[in-house]
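Asker: Sharing a structure here in structure tokens format.
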Amino acid sequence: MPGRALHSVFGTQMVRLQKFLAEAGVASRRAGEQIILEGRVGVNGAPVRELGVKVDPEHDQVTVDGKLIRAKRKLYLAMNKPPGLVCSRKDEFSRPTIYDLLPKEWGHLHSIGRLDYNSEGLLFLTNDGEFSLRLTHPRYGVHKKYLATVEGRVEGEMLGRFTRGIFYLGEKLKAEKARCVSASKSQSIVELELAEGKYHEVRRLFEAEGMSVKRLQRIQIGKIKLGELRPGKWRILTEPEIKSLLS
């Protein structure tokens, strides 16, 4: 029967068979569907020839052409990205990337959202597509905090416009919260909290006010703070941290 689950142990999350094959690196989801229909996939010794079957990645035994397929370990990293790195695996201008900071065997991880070349701070990397979606899709509303160092003095009226929302080049930009950490005639440091994370949103907020951002640092995602993680270093997120991001 399509959509049936083979079994579930201790509440482990069940996933569709074609998704399991894709995450194990066997085939894309579409190609996975084809090899299922061809009868080349088995689960716990029984051939599967229908779509919609779900499996328990931790306990079910999945085979393709008789070969046992192992699920890849899910990884969740926090990195303090330094400025001067791109978040792509390869760069057309041969600039250094964040993957230069990771072990080679972790090159399959992808960044959750991006920080541009000149920006720095907290960045998550994972091989869990569902986790990535939960942190990036606007409907989940995961907030992010930034420290922006800008040229000139930032006044309270400007911060008020940021939190009310401003239209710039046909798009509405908005900060959930904004406060001035310090201000002088030459420069100001402003903390901004965003919910959507639109392309270059912090920089464009200040650009709309005729101000230039000299330094941009992301200091928090959800409840996870950058803390004392040094530039260029990374750490594995703890299980409680992962749960807090999904709550």
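Asker: Mean separation of Cα pairs under 8 Å and 6+ residues apart, divided by the residue count of the chain: what relative contact order is that in percent?
Answerer: Relative contact order for the chain comes out at 18 percent.
Asker: When you count, for each residue, the other Cβ atoms within 10 Å and take the mean per peptide, how do 13-21, 209-217, 222-230 rank with the highest first?
Answerer: Descending mean neighbour count gives 13-21, 209-217, 222-230.
Asker: At a Cα cut-off below 28 Å, give the lysines reachable from residue 67, other chains included and same-chain residues fewer than 8 away excluded.
Answerer: Excluding near neighbours in sequence, the set is 19, 54, 104.
Asker: Under unit Cβ charges (Lys, Arg +1; Asp, Glu -1), what dipole magnitude, rounded to 20 debye, does region 143-221 have relative to its Cα centre?
Answerer: The dipole magnitude comes to about 160 debye.
Asker: Further, regarding this structure: Report the relative contact order of region 143-221, percent, no decimals, based on alpha-carbon pairs under 8 angstrom and at least 6 residues apart.
Answerer: Result for region 143-221 is 46 percent.
Asker: What's the center-to-center distance, using Cα atoms, between region 104-176 and region 189-247 in Å?
Answerer: Going from one Cα centre to the other spans 6 Å.
Asker: From the Cα gyration tensor of region 15-69, with a ≥ b ≥ c the square roots of its eigenvalues, which class applies: rounded if a/c is under 1.5, or else prolate if a/b is larger than b/c, or else oblate?
Answerer: It comes out rounded by the Cα gyration axes.
Asker: So, one more: State the answer as a single residue: which of 115, 127, 14 lies farthest towards the positive end of the charge dipole of region 1-157, with beta carbon charges of +1 for Lys and Arg and -1 for Asp and Glu, about the Cα centre.
Answerer: Most positive-ward Cα: 14.
Asker: Can you find, among 94, 106, 77, the residue sitting farthest towards the positive end of the charge dipole of region 35-166, where Lys and Arg contribute +1 and Asp and Glu -1 at Cβ?
Answerer: Going by the charge dipole, the pick is 77.
Asker: Excluding residues on the same chain fewer than 8 positions from residue 177, give the lysines whose Cα lies under 30 Å from its Cα.
Answerer: Leaving aside lysines fewer than 8 places away in the same chain, those within reach of residue 177 are 81, 144, 145, 185, 198, 214, 223, 225, 233, 243.
Asker: Let me ask another. Output the relative contact order of region 15-69, whole-number percent, from Cα pairs under 8 angstrom with separation of 6+ residues.
Answerer: Normalised by residue count, the contact order of region 15-69 is 34 percent.
Asker: Take each of the peptides 89-95, 48-54, average the number of other beta-carbon atoms within 10 Å over its residues, and list them starting from the highest.
Answerer: In descending order of packing, they fall as 48-54, 89-95.
Asker: Please work out how much length the chain gains when fully extended from residue 225 to residue 169, using 0.36 nm per residue of separation minus the C-alpha to C-alpha distance, in nm with one decimal.
Answerer: Length difference between fully extended and current span is 17.0 nm.
Asker: Among [x] 35; [y] 39; [z] 51, which is the computed percent of Cα pairs over 26 Å apart?
Answerer: So the calculated entry is the one marked [z].
Read-outs throughout are calculated quantities, based only on the coordinates presented, and are distinct from any laboratory measurement. Here the structure is a predicted model, which is why all the values come from computation and not from measurement. Quick reminder, even Gly has a Cβ in these numbers, built from the backbone with ideal geometry, and neighbours come from all protein chains shown.
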